[in-house]
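Chemist: Before I ask anything, let me first share the structure, which is written out below as structure tokens.
The values are calculated or read from the model by the stated rules, or taken from the named source; none is laboratory data. A quick note: this is a predicted structure, and the numbers were derived from the prediction, not measured. Here Cβ is always computed from backbone atoms with ideal geometry, including for glycine, and neighbour counts include all displayed protein chains.
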Amino acid sequence: MPINKGGRGKKSPYPTTVKRIPDPLLERVEELINDFYSDEKSTDDQSVLKNPLTNLKSIDESVTHALDILTQNKISKKSTKHCLEKLLQVLYNDDSIKL
């Protein structure tokens, strides 16, 4: 399937959404997009999209990795910590995760 670059009057044949992607996840998201466009199946088939959540690490590993990101990049903003915390809570469907 050719990549739809959009523009005036060029609507994708499937629904799209604009999201801000955290830099650590950017490479993985780009791989998913490339897989989507390189797959020969129709976009109506939901099996085209691979589930990115199947390769999740354990909760403890993810929390440790999130804390490493915060300390290595010397990010001291409370909002960043809150966003990472919310992301992990949604990914693991566990509201008890705290950073």
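Chemist: Among the numbered conditions (1) surrounded by 12 or more Cβ atoms within 10 Å (Cβ to Cβ); (2) polar (S, T, N, Q); (3) modelled with pLDDT under 80, tell me where Ser42 comes up short.
Modeler: Answer for Ser42: the failing condition is (1).
Chemist: Something else about it: Quick check on Arg20: is it assigned to a loop (DSSP other than H, G, I, E, B) and at pLDDT 80 or above?
Modeler: yes
Chemist: Inside the range 56-82, can you point out the residues that are in a helix (DSSP H, G or I) and without any contact (Cβ under 8 Å) to a residue 24 or more places away in the chain?
Modeler: Selection gives Asp60, Glu61, Thr64, His65, Asp68, Thr71, Gln72, Lys78, Ser79, Thr80, Lys81, His82.
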